[in-house]
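The block underneath contains the structure these notes are about, expressed in structure tokens.
Each reported figure results from applying straightforward, stated rules to the coordinates on display, with no laboratory input. Only a predicted model underlies this, so the values are computations on that prediction, with no experimental measurement involved. Quick reminder, even Gly has a Cβ in these numbers, built from the backbone with ideal geometry, and neighbours come from all protein chains shown.
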Amino acid sequence: MKRIVLLTSLIAVGALTYVAAQQGGQKPMVVEVEKLKDNLFILKGGGGNTTVFVQSNGITVVDTKNPGWGAPILAKIKELSPKPVTTIINTHTHGDHVSGNVEFPTTVDIVVQENTAANMKQMRAVTGLSKPGAPPPPNIFVENQGKGLPKRTFKDRMTLFKGPDQIELYYFGRGHTNGDAWVLYPTLRVVTAGDIVSGKNLPILDANNGGSGLEIGDTIGKAHSTFSKMADTVITGHSVNMNMTELMEYATFNREFAAMAREAKKAGRSVEDVVKSYSVPAKFQGYAAAQEGRVRSNTQVIYDEIK
Ligand SMILES: [Zn+2]
């Protein structure tokens, strides 16, 4: 009798899962617009935040969300401006920031940091998001015969466009990955940071793609000292905007996590011990509570770096 009940409930759960998946597939793809300046918009939904910079003769798009979201981004941009998209910048290699690239016209210029260009050819699994040794998700650029891959790269600095259209690209070192680009719109005093500043939370430290828990705090600190006199607002990877004081605080938050892990390793404590004892210090107000999985993964990444 018990067995029959169990079997019946298993079938019921299976059916529910199937219905949920079907409904998921039919979910409308909603792109929400946040207007930051007259010619600068943040598109939310479908993965990482997308920045849209409307310039004199065209439009630059920073990050293009998950697979299938390129077309909804383009449709939303049409409501904002009749100008064509001329340029895509990807802040880093992750699928929720680059996959929409394949849905843009092939004429669009695509610019990334040089390590990100190398990473996008591989599209390796993300540390902490999939089980160690698990195969990476399908490579969207291979599936599209290389469409959407970067056409130009920069190492530390690059200037695009002039005057009010100007964009300054910066790379300050390893953090979320080894190719995190910071995109400054000097006339607007705004910076797009991507996932090296995903929000007020523990970041993903993607060691598989060159990320570093020992360096991320200093990298964000360098960005802060560079931008503190040039910008007022940081567009984050997945959350609401930050001001420059909050950016400095995020550098401190990451430096302190690294120092904590360093001390723990020195004291011979296990990763699991750190997972049990760590919580976000109370002085970091408005921060998300630390997820166990993230603490485990990030501590392991730092332990491996110290070795
Ligand atoms: Zn990311």
For the range 30-160, what is the charge dipole size about the Cα centre, in debye to the nearest 20, if Lys and Arg each add +1 at the Cβ and Asp and Glu each add -1 at the Cβ?
-> 180
Simple spin-label estimate for LYS83/LYS229, 7 Å along Cα→Cβ, in nm, reads 2.9
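Apply the a/c threshold of 1.5 to the C-alpha gyration tensor of the chain and tell me whether it is rounded, prolate or oblate.
It is oblate, given that a/c is not under 1.5 and a/b is not larger than b/c.
Over all distinct alpha-carbon pairs, what is the Kirkwood Rh of the range 213-269 in angstrom? Can you show the working numbers first?
On the way: mean 1/r = 0.0818 Å⁻¹.
Taking every pair of different Cα atoms in the range 213-269, averaging 1/r and inverting gives 12.2 Å.
With viscosity set to 1.567 mPa s and temperature to 4 °C, compute the Stokes-Einstein D of the range 187-242, Rh being the Kirkwood radius across alpha carbon pairs; µm²/s, no decimals.
Values: Rh = 11.9 Å.
D = 109 µm²/s.
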Is the range 51-96 rounded, prolate or oblate when judged by the Cα gyration tensor, a ≥ b ≥ c being the square roots of its eigenvalues, rounded requiring a/c under 1.5 and prolate requiring a/b larger than b/c?
-> oblate
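Between rounded, prolate and oblate, where does the range 138-200 land on the alpha carbon gyration tensor, with a ≥ b ≥ c its root eigenvalues, rounded for a/c under 1.5, else prolate if a/b exceeds b/c?
Note, shape of the range 138-200 comes out oblate.
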Using alpha carbon centers only, the range 87-123 is separated from the range 186-228 by a whole-angstrom value of 18
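Sum up the charges of everything whose Cβ sits under 14 Å from the Cβ of PRO186, counting Lys and Arg as +1 and Asp and Glu as -1, but leave PRO186 out.
On the way: positive: LYS37, ARG157, LYS162, ARG189, LYS229; negative: ASP165, GLU168, ASP232.
So the environment of PRO186 carries a net charge of +2.
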Give the cross-link partners of LYS307 among the lysines, using a straight C-alpha distance below 17 Å as the criterion and excluding same-chain residues fewer than 8 apart.
-> LYS265, LYS266
Protection proxy ranking of 43-55, 123-135 - average other beta-carbon atoms within 10 Å, highest first = 43-55, 123-135
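With +1 on each Lys and Arg Cβ and -1 on each Asp and Glu Cβ, and nothing else charged, work out how big the dipole of the chain is about its Cα centre, in Debye to the nearest 20. If you can, show how the numbers build up before the last one.
Details: 34 positive and 28 negative charges, 91 e Å.
Once rounded to the nearest 20, the dipole reads 440 debye.
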Only helices counted: for the chain, with every DSSP H run of 4 or more residues adding -39500 (n - 2.57) and the sum spread over all residues, [θ] at 222 nm is -11000 deg cm²/dmol
Distance between modelled label sites at LYS307 and VAL142, nm, 7 Å Cα→Cβ extension = 2.6
Can you list which of the chymotrypsin sites (Phe, Trp or Tyr not before Pro) found in the range 106-203 are DSSP loop residues with at most 10 other C-beta atoms within 10 Å?
-> none
Amide H proximity to ILE89 below 5 Å, modelled H, separation 5+ or other chain, gives VAL61, VAL62, ASP63, VAL111
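In what order do HIS92, HIS97 fall by count of nearby beta-carbon atoms within 10 Å, going from fewest to most?
Numbers: HIS92 29, HIS97 25.
If I rank by nearby Cβ atoms, fewest first, I get HIS97, HIS92.
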Answer in debye to the nearest 20: the dipole magnitude of the range 148-307 about its Cα centre, from +1 Lys/Arg and -1 Asp/Glu charges placed on Cβ, is 220
